[in-house]
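Below is one structure, written out as structure tokens, with a few remarks after it.
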Amino acid sequence: MAVLALEAVTKRFAGLTAVDSVTFAVEEGELVGLIGPNGSGKTTLLNIMSGLLRPDGGRVLLDGADVTGLPANRLARRGLLRMFQLTRLFRQISAFDNLLVVGRALGMDAAEAAERAERLFADLQLAHVRNLDAGQLSGGQQKLLEFGACFMRPPRVALLDEPFAAVHPTMRQIMADFVRRHHTDGQTFVLVSHDMPIVKELCPRAVCMNAGTVIADGPTDQVLADPAVIEAYLGGHAA
Amino acid sequence: MGNSETRIRVEFWTSLGLLALVALAPLVVTNLYWQGVLVVCMYFAIQSVGWNLLTGYTGQMSLAPAAFAMVGAYGTGLLSYHLQAPPWIGVPSGVLAAFLIGCVLGRAALALRGPYLALTTLAFAEILRLVISNSYGFTRGDLGLNVPGIFDDRLADYYLMLGALVAVQIGVFLLLRSKYGLFLQAIRDDETAADSRGIPVVFWKTAAFALSAAICGLAGGLYAHFARLISPELGLIMQTGFVISMVVIGGIGTMSGPIIGAFLVYLLSEALREAGGYHLVVFALFVILVARFFRAGLWGLVRALARGALPPAERA
């Protein structure tokens, strides 16, 4: 059974159909790259999957259960954790507390959450800034911290929206290594990215969206070579 | 333990140190009038701590702290007036009434943010004040309601109010140190992120609203038995402005700021009593100066000086 499945999910904003009857499933342990040009509906779809938007039609299934329209915090406690395209942190509390609060919200006790946070700080090479307020960290460190927050309790599915955008190569490598390692351990990911080399490197499967619909779904190499995908990205000037 | 928890702990112990000085003040301040002024400072300090919990730590703007203090005051006052209920029943009943109204108002206003939430609480505060003001048969309206005192001794009133302030401060400290305090601060910093990371935002915003209302209700209930005469003026928007000034000047989102601000602003208002309404001009200027030059308030300034240098925001 798929861990996460979308069935004919549709979302409209006034006259614009941002997501149009999208259907696909993510199997346990898969790392799926969700790609597409700007405005193709990727982030809207991620917002629907994570409970921040309610779809106008269709269903979202998590482990076979219909979770359509459940609030984000309940989905998070059921294991759907996400990272935002524009970093969202609790800026006036420390980096350490940023992770601790997520662990506590997800049902971990204080000692367990603290231990997990320390491990993540070590993994993400952020231990030296653990006591600084999140708002004092550099942009890249903030991105890494938010990335870490998704893994305070191993999620059923980690939804990562552009984690590698505008990040220093060193930090990008830290995140890519983390994703690779956890994918090997069986972690399920949906990774939204415009960074094709990294999608090719990390994701065995890619789903490409354009104008709110899925235009290609399959092995990443095949999807990237698909004429419809090339046309979507290059606006019909691929040749 | 992170930096934020250390900061809260330092602020808490500093505030207790300040309150220890307040406990010793009657040794020096023997004049009954000035002892009464200090009781009123503590009344405002309790409200400031309550409002700061909601606005400074949870990020929800309310313009109703004075209205909830009025609910607490009228809760105990009306029970005493109509049913001869003793204060030990009246004050907790007033607190409970404020808590329940806070729950309902908080829940109703949850979909609103920023200025819309603030305007909703302001409308609630004004409606409540006008209802009390016009219900002569039940509340005696603008004539005011006589409330019996708890003690006949000014110092006993003084230490009762101080005990309540210390208890509230300890309660808020314990809350902020717990995971629930982290939830509130996370909601303040980013509601969407808090929701996405498993925090039930709706529940905790309502809880913070109700708790803040209950704290203000406690202040009002104790004040009613101290002042022995209450009127709808307790809920005037000007009173709320006073509370906001106290917190902003002292340091919003800190544990010491509201207490420093309450004593400073109210004592200053007493000193400027002769100037009549002009004291409001002085407060307004004070708030503007703090907002422009010391956004972290006087407590933030103290911290910056303790670090030996002013941070850029304070130097601006």
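List of remarks:
- Given charges at Cβ of Lys, Arg, Asp, Glu: the protein assembly as shown dipole, positive-most of A:A8, B:S245, A:M196: B:S245
- Multiplying each eigenvalue of the alpha-carbon gyration tensor of segment B:11-142 by 5 and taking the square root yields semi-axes of 28, 23, 13 Å, largest first, rounded to whole angstroms.
- Taken about its Cα centre, chain A carries a charge dipole of about 600 debye when Lys and Arg each add +1 at the Cβ and Asp and Glu each add -1 at the Cβ.
- Residues whose placed amide H lies under 5 Å from that of A:G33, excluding near-sequence neighbours: A:L191, A:R205, A:A206, A:V207
- Residues B:I127 and B:R295, FRET efficiency given R0 of 30 Å [Cβ-Cβ distance, rounded to 0.05]: 0.35
- For segment B:97-130 versus segment B:177-233, the gap between their alpha-carbon centres in whole angstrom: 12
- B:R154-A:A111 FRET efficiency (beta carbon distance; Förster radius 45 Å; 0.05 resolution): 0.40
- With a 10 Å cut-off around each Cβ of A:85-95, the average count of Cβ atoms from other chains is 6.
- Packing order of peptides B:79-90, B:234-245, B:204-215, highest average first: B:204-215, B:234-245, B:79-90 (average count of other Cβ atoms within 10 Å over each peptide's residues).
- For A:M83, the amide hydrogen comes within under 5 Å of the amide hydrogens of A:L159, A:L160, A:D161, counting only partners 5 or more places away or on other chains and with H modelled in the peptide plane.
- Length gained on full extension, A:E231 to A:D177: 16.3 nm, using 0.36 nm per residue less the C-alpha separation.
- Whole-number Å³ per residue for the convex hull built on Cα positions in segment B:1-54: 64
- Ratio of the Cα radius of gyration of chain B to 2.2 N^0.38 Å, where N counts its residues: 0.97
- Rounded if a/c under 1.5, otherwise prolate or oblate - segment B:79-167, Cα gyration tensor axes: oblate
- Spin-label model, A:S138/A:R54: points 7 Å from Cα along the beta carbon direction are separated by 4.3 nm.
- Dividing the helix sum by the residues of the protein assembly as shown, where each DSSP H run of 4 or more adds -39500 (n - 2.57), gives a mean residue ellipticity at 222 nm of -19000 deg cm²/dmol.
- Springs between Cα atoms under 10 Å define the GNM used for chain A, and in it the highest mean-square fluctuation of A:T87, A:T44, A:T184 occurs at A:T184.
- Inter-chain Cβ neighbour average for residues B:124-132, partner chain, 10 Å: 0
- Contact order for segment B:159-307, expressed relative to its length and based on alpha carbon pairs under 8 Å spaced 6+ residues apart, stands at 16 percent.
- In this structure the amide hydrogen of A:A216, modeled in the peptide plane, comes within under 5 Å of the amide hydrogens of A:C208, none closer than 5 places in sequence on its chain.
- Gain in span if fully extended, A:A211 to A:D66, counting 0.36 nm per residue against the direct Cα distance: 49.6 nm
- Residues B:Y33, B:Y116 arranged by fewest to most Cβ contacts within 10 Å: B:Y33, B:Y116
- Spin-label pair B:V281-A:T10: with each label point 7 Å from Cα along the Cα-Cβ axis, the two points sit 6.5 nm from one another.
- Cross-link reach is defined here as a Cα-Cα straight distance under 14 Å, omitting same-chain residues fewer than 8 places apart; for B:K205 the aspartates and glutamates meeting it are B:D189, B:D190, B:E191, B:D195.
- Other protein chain C-beta atoms within 10 Å of residue C-beta, averaged over B:258-269: 0.
- For segment B:84-220, relative contact order (Cα pairs under 8 Å, six or more residues apart, normalised by length) works out to 50 percent.
- The mean sequence separation of alpha-carbon pairs under 8 Å and at least six residues apart, normalised by the residue count of segment A:94-239, gives a relative contact order of 16 percent.
The numbers here are math on the coordinates, done by the rules we state, and not lab data. The shown structure was predicted, so the numbers you read here are calculated from the model rather than taken from an experiment. So basically every Cβ, Gly included, is an ideal-geometry build from the backbone, and we count neighbours across all protein chains shown.
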